[in-house]
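Participant: Next up is a structure, given as structure tokens.
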Amino acid sequence: MIRFLTHRVGFGAGVLLVLSAFVFFLFFVAPGDPARMIAGDKATESQLAQIRKNLGVDRPIVVQYGVFMQKALSGDLGFSYRNQQPVAPIILRRIPVTLSLVLGGAVLWLSIGVPIGIMSARHVGSLRDRLGQAFILVGLSFPTFVLGMMSLYLLYFMPKQAGFTLFPAGGYKALASNPALWAWHLALPWTTLAMTMAAIYARLTRGQMLDVMGEDYIRTARAKGLTERRVVWKHGMRAALTPLVTQLGADIALLLGGVIVIEQVYGLQGVGALAVQAVANQDRPIIIGVVLLGGLFIVIANIVVDLLYVLLDPRVR
Amino acid sequence: MVPTSASLFRRQTGSDLAILEAKGLTVGIPTEDGTVHAVRNVSFSIKPGSLFGIAGESGSGKSVLTQAVMGLLPNADIGGEVWFEGRNLIGLSQEEMRRLRGGRIGMIFQDPLSSLHPFYTIGAQIAEVLHAHETISPAEARARVVDMLGKVGIPAPAERFDDYPHQFSGGMRQRVMIAMALILKPALVIADEPTTALDVTVQAQIVALLDTMRRDFGTTVILITHDLGLLSSVADDVMVMYAGHRLEYGRAEDVFRAPAHPYTAGLLRSTPASYRPGTELAPIGGRPPSLLATPAGCVFAPRCTEALPRCSSEPPPLRRYSDGVEALCWLEEGASTVRPTAKTATIAVKAAPPEPVAEIDDVCLTYQVGSFFGPKRALNVLKGVNLTVGRGETIGLVGESGCGKSTLARIVAGLVPATSGRVRVLGRDMGALDARQWREMRREVQLVFQDPFGSLNPRRRVGAIIGDPFRLHGLAKGDERREKVRHLMERVGLNPEHYNRFPAEFSGGQRQRIGIARALALNPALIICDEPVSALDVSIQAQVLNLLRELQRDLGLTYLFISHDLSVVRHVCDRIAVMQGGRIVEMETAERLFADPQHDYTRTLLSASKTLPAFAEAGRRSLVETRVAS
């Protein structure tokens, strides 16, 4: 167990190291001069040289990378080119927004997608299955921004026209200050995120349940005289859970790295929005920070999923 | 549904002693291709406390019948009546059926590993039966489960309560299933192929346990199996099913001693145990009919050797004989109970030791295994095996699962390297081959696998599968290859016109022929058959065994034949090696091994495998009643 953990953590650290090197060198070969961006068009050549020296970008790239990694290990990811603020706090400030969006959304998409998938699988070929399949198709087909725009139009704009505010158009209120306000502001982003993701999970659940419900131990459960509800939820879902958990871990990690479209549509100042701004501004330290954060989430999620897998399946213990 | 006075009357006047009585039971399963008529007009009645056997090959409808009765086939169209404890089960509400299942009627299935939920402890799974039918505290449930586990012979039941199914052996798992089925002392237990997935020595224990339990608990048992030897030794009454029809029905003793229906007689004739070793088996020709169509006459007529002209045009009448045996057949006197006769004399024992094809010299194999949390440890699968296979010989390798017989086969085929020791095929050391030589050796050693469904790629055409060896070794192309493949297909009894079909379009026996044709393609020095007939029905199994023998005679093939079935091994093999725990414990000619086993383990194996009673002389019974089909 301990050996497994140290092994996985070591491997994760290796992944992050490779990732950081890759991103660092990628931006080095990319066109664009940070000094020019900071100083503006009117800066003289000597001013630019001074800025380059201050930034350290006049040194050989390997040295730059070495310096970067040395600082990064102590939590210092450098300064934003844009506003000279340290990168780490800028990113950290954004995390609660994205975390709220993703975790809340996950609860919603699971509670929509999983039951729809189970319903479909239990009544294959019936009208209920077709409705489930239609939901999956619609959810997967609609681009997120269209779903976002539609929700805004139907649930914000139209009520507003009628003279009341059903849901706000966007913005973020901290959970700690007012949980109700927090949820109210996030309701539309959650729904939008959940629509697409619920479709994916409904499809996954349907497939898993179709497999599982054909297993011999399901027949045994019925032969024991269990109620159908118990057969499906206790025996069926328990077996279908493992792949769902694996997928959930990967999805949450991926989304925590930035839910770009939804944050843009609803004006949420999360990690995704930060990434968009950073790319638009050629703000390399921020981009590198966001990429590393995404990588960190994925590495952590993988370790957590592997541990959960062991907890869920007694056969691999 | 409340029974009507008319049906109650019928039940009482019929056989009021029956615990379960089916009348005109019909099960149709709607599929995309049409309705599969899995069970047609089947009637039977089971005496309390008896063991009722249902025999039949795959597709005969024996499992569908019981599952339909139990309400486990929600999509099936079920007709007829099934009376149990004063109620007609057909038409009961789902909730009423649920209460019967597990409570009044227990079920035991074929594969105890897949039938137990892998993620719950066995104790929790058994306790669930109690919680589903009674209001009971967890502690009380636990006590009762532990008590029951002890009764079915699980050692240290209190500790094993919290173990998961994968921590038990196959036989122990089936004991768990039996405990689960019997914990509420149901009036009836349906055991569907309960021993098929188990080793032969364990099979005997499980059957004995079932027998003891039914006597102790007064439970009636329905035993569904394809194993006629098993039924003949334990069943009181039997019903023989074929393609959804009940062809024969009567006391087990009478049916097996002198089958009245040609199908039952054919089944018994197909069983290698009924023959002297080395003789040609007399299998039932052809294969079972499609269940989609309704035949005009007798469903067995196309395969029947005694069929009369009217058999294929008119539905057969029900004949009842003086000993109570009933047969659905046009023959008035019943099937001819001719003993299987030897078509060819047993092959003479080879005088001079033949030139060796494969020499296995002190082969050991060790795996490193370890649990997720625990340390690694070494698992010795083979502990020094010595064996020589001579040209033209058939060597049998028997033993229970985990004894290392399949591992040994893979080492001989060069698919797995041995940890130590040496394997030489045609004088060349399999461990010292380079990549090119290894490919060369692939021509000389070929394998035929057990599962004819899993071992053929479902997306490739049969012609391509059989032609692969020619392609991979660059030996034949285009028309030449096609010609060779067609020739091979003909050789193994497949229609060469089916060249372009996919494996799914063939039956199990035909698929095994495809596998044999592929193995034959390059004229190998050694063919390793790993349980080649275990997945096949007895009539099909006999056809494939005959084919293997015939090919050996004509082509001078050498076989290494792996099987858990002693009667099969005895029938086809010259010499038999008995394996136990990674060692060969006894090696003898087939005749001598059976006549005079030396090792204790060989004796255990022999005594555990059931043999069929001998055929009796014909003419013991007379026809007493004929009921023409309506």
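FYI, it's all coordinate maths here, none of it is from the lab. This is a predicted model, so every value here is computed, not measured. For neighbour counting, all protein chains shown are included, and Cβ atoms are generated from backbone atoms with ideal geometry for every residue, glycine included.
Participant: Provide the per-residue ³J(HN,Hα) series for the stretch B:504-519, in order, calculated from phi with Karplus coefficients 6.51, -1.76, 1.60 and θ = phi - 60°, each as a whole number of Hz, with x at glycine and proline positions.
Facilitator: Karplus-based 3J(HN,Hα) across the stretch B:504-519 equals 4, 7, 10, 7, x, x, 5, 5, 5, 5, 4, x, 5, 4, 5, 5 Hz.
Participant: Read phi for every residue in the stretch B:478-486 and hand back ³J(HN,Hα) as whole Hz from Karplus 6.51 cos²θ - 1.76 cosθ + 1.60, θ = phi - 60°, with x for Gly and Pro.
Facilitator: x, 4, 4, 5, 4, 4, 5, 5, 4
Participant: According to the square roots a ≥ b ≥ c of the eigenvalues of the Cα gyration tensor, what is the shape class of chain A, taking rounded for a/c under 1.5, prolate for a/b larger than b/c otherwise, and oblate for the remainder?
Facilitator: It is oblate, given that a/c is not under 1.5 and a/b is not larger than b/c.
Participant: Enumerate by residue number the GluC sites (Glu not before Pro) in the stretch B:15-74 meeting two conditions: DSSP loop (anything except H, G, I, E, B), and at most 13 other Cβ atoms within 10 Å of the site's Cβ.
Facilitator: Answer by residue number: B:Glu32.
Participant: Using only Cα positions of the stretch B:46-205, each an equal point scatterer, no hydration layer, compute I(q)/I(0) via Debye at q = 0.09, 0.13, 0.15, 0.19 Å⁻¹ and quote the log10 values to two decimals.
Facilitator: Here the Debye-derived log intensity ratios amount to -0.31, -0.66, -0.88, -1.31.
Participant: Work out the mean other chain Cβ neighbour count within 10 Å for the residues of B:107-119 and drop it here as an integer.
Facilitator: 5
Participant: Shifting gears a bit: When the chain is fully extended, how far beyond the present Cα-Cα distance does B:Thr419 get from B:Leu379, taking 0.36 nm per residue of separation?
Facilitator: Contour length minus Cα-Cα distance gives 13.2 nm.
Participant: Could you list which residues have their amide H under 5 Å from that of B:Arg276, counting only those 5 or more apart in sequence or on another chain, with H placed in the peptide plane?
Facilitator: none
Participant: Hey, got the average number of other protein chain Cβ atoms within 10 angstrom for residues in A:1-7?
Facilitator: 1
Participant: Then there is this: Count, for each residue of A:225-231, the Cβ atoms from other chains sitting within 10 Å of its Cβ, then give me the mean as a whole number.
Facilitator: Other-chain Cβ atoms within 10 Å of each residue's Cβ, averaged: 5.
Participant: If you don't mind, there's one more thing I want to ask. Per DSSP H run of at least 4 residues, take -39500 (n - 2.57); add these up for the protein assembly as shown, divide by its residues and hand me the 222 nm value, nearest 500 deg cm²/dmol.
Facilitator: Result for the protein assembly as shown, helices only: -14500 deg cm²/dmol.
Participant: For a protection proxy built on the mean count of beta-carbon atoms within 10 angstrom, sort B:395-407, B:75-87 highest first, please.
Facilitator: Most protected by this proxy first, the peptides run B:395-407, B:75-87.
Participant: Of the chymotrypsin sites (Phe, Trp or Tyr not before Pro) in the stretch B:219-265, which ones lie in a loop per DSSP and count no more than 10 other C-beta atoms within 10 Å?
Facilitator: Hits after loop and neighbour filter: nothing returned.
Participant: Which FRET efficiency value, to the nearest 0.05, is calculated for B:Asp33 and B:Asn500 with the Förster distance at 30 angstrom and r the Cβ-Cβ distance?
Facilitator: Between B:Asp33 and B:Asn500 the formula returns 0.90.
Participant: Viscosity 1.567 mPa s, temperature 4 °C: give me the Stokes-Einstein translational D for the stretch A:169-317 in µm²/s, with Rh taken as the Kirkwood radius over C-alpha pairs.
Facilitator: 71 µm²/s
Participant: Right, here's the next one. Give me the one-decimal nm value for the distance between modelled label points at A:Val62 and B:Leu292, 7 Å along each residue's Cα-to-Cβ direction.
Facilitator: Distance between label points: 7.2 nm.
Participant: With unit charges on the beta carbons (Lys and Arg positive, Asp and Glu negative) and the dipole taken about the Cα centre of the stretch B:10-104, which residue among B:Gly79, B:Ser50, B:Leu65 sits farthest to the positive side?
Facilitator: The Cα lying farthest towards the positive end belongs to B:Ser50.
Participant: Would the stretch A:151-224 count as rounded, prolate or oblate if I go by the C-alpha gyration tensor, calling it rounded below 1.5 in a/c and otherwise prolate when a/b exceeds b/c, oblate otherwise?
Facilitator: It is prolate, given that a/c is not under 1.5 and a/b is the larger ratio.
Participant: For B:Gly53, enumerate residues with amide H under 5 Å from its amide H, sequence gap 5+ or separate chain, H modeled in the peptide plane.
Facilitator: Under 5 Å from the amide H of B:Gly53 lie the amide H atoms of B:Leu223, B:Asp236, B:Asp237, B:Val238, B:Met239, each far enough along the sequence or on another chain.
Participant: Using only Cα atoms and rounding to the nearest 10 degrees, what angle (0 to 90) does helix A:127-141 make with the longest principal axis of chain A?
Facilitator: Here the helix axis deviates by roughly 10 degrees.
Participant: Right, next: Using a 7 Å offset from the Cα along the Cα-to-Cβ direction at both B:Asp596 and A:Ser46, what is the distance between the two label points in nm, to one decimal?
Facilitator: 11.4 nm
Participant: List every residue whose amide H lies under 5 Å from the amide H of B:Gly244, counting only residues 5 or more places away in sequence or on a different chain, with H placed 1.01 Å from N in the peptide plane.
Facilitator: Here B:Gly61 satisfy the definition.
Participant: Tilt of helix A:45-55 relative to the longest C-alpha principal axis of chain A, in degrees (0 to 90, nearest 10)?
Facilitator: On a 0 to 90 degree scale, this one is about 50.
Participant: A follow-up question, please. For the pairs A:Lys224/B:Lys151; B:Lys151/B:Lys383; A:Lys234/B:Lys47; A:Lys224/B:Lys47; B:Lys47/B:Lys185; A:Lys234/B:Lys185, flag any whose C-alpha to C-alpha distance is greater than 28 Å.
Facilitator: The answer is B:Lys151/B:Lys383; A:Lys234/B:Lys47.
Participant: Sort B:297-304, B:559-566, B:279-286 by packing, meaning the average of other beta carbons within 10 Å per residue, with the highest value first.
Facilitator: The densest-packed peptide leads the list: B:559-566, B:297-304, B:279-286.
Participant: On to the next question. Which shape class applies to the stretch B:479-537: rounded if a/c is under 1.5, otherwise prolate when a/b exceeds b/c and oblate if not, where a ≥ b ≥ c are the square roots of the Cα gyration tensor eigenvalues?
Facilitator: It comes out oblate by the Cα gyration axes.
Participant: Still on this structure, please answer the following. Once Lys and Arg get +1 and Asp and Glu get -1 on their Cβ, which of A:Val279, A:His185, A:Asn83 lies farthest toward the positive end of the dipole of chain A?
Facilitator: Comparing the listed Cα positions along the dipole, A:His185 ranks first.
Participant: For A:Asp33 and A:Ile300, what does the FRET efficiency come to when R0 = 41 Å and r is the distance between their Cβ atoms, rounded to the nearest 0.05?
Facilitator: Calculated transfer efficiency: 0.70.
Participant: Evaluate the charge dipole of the protein assembly as shown about its Cα centre and quote only its size in Debye, nearest 20, assuming +1 on the Cβ of each Lys and Arg and -1 on the Cβ of each Asp and Glu.
Facilitator: 1740 debye
Participant: If one takes the longest principal axis of the Cα atoms in chain A, at what angle in degrees, from 0 to 90 and to the nearest 10, does the Cα axis of helix A:61-73 lie?
Facilitator: 60 degrees
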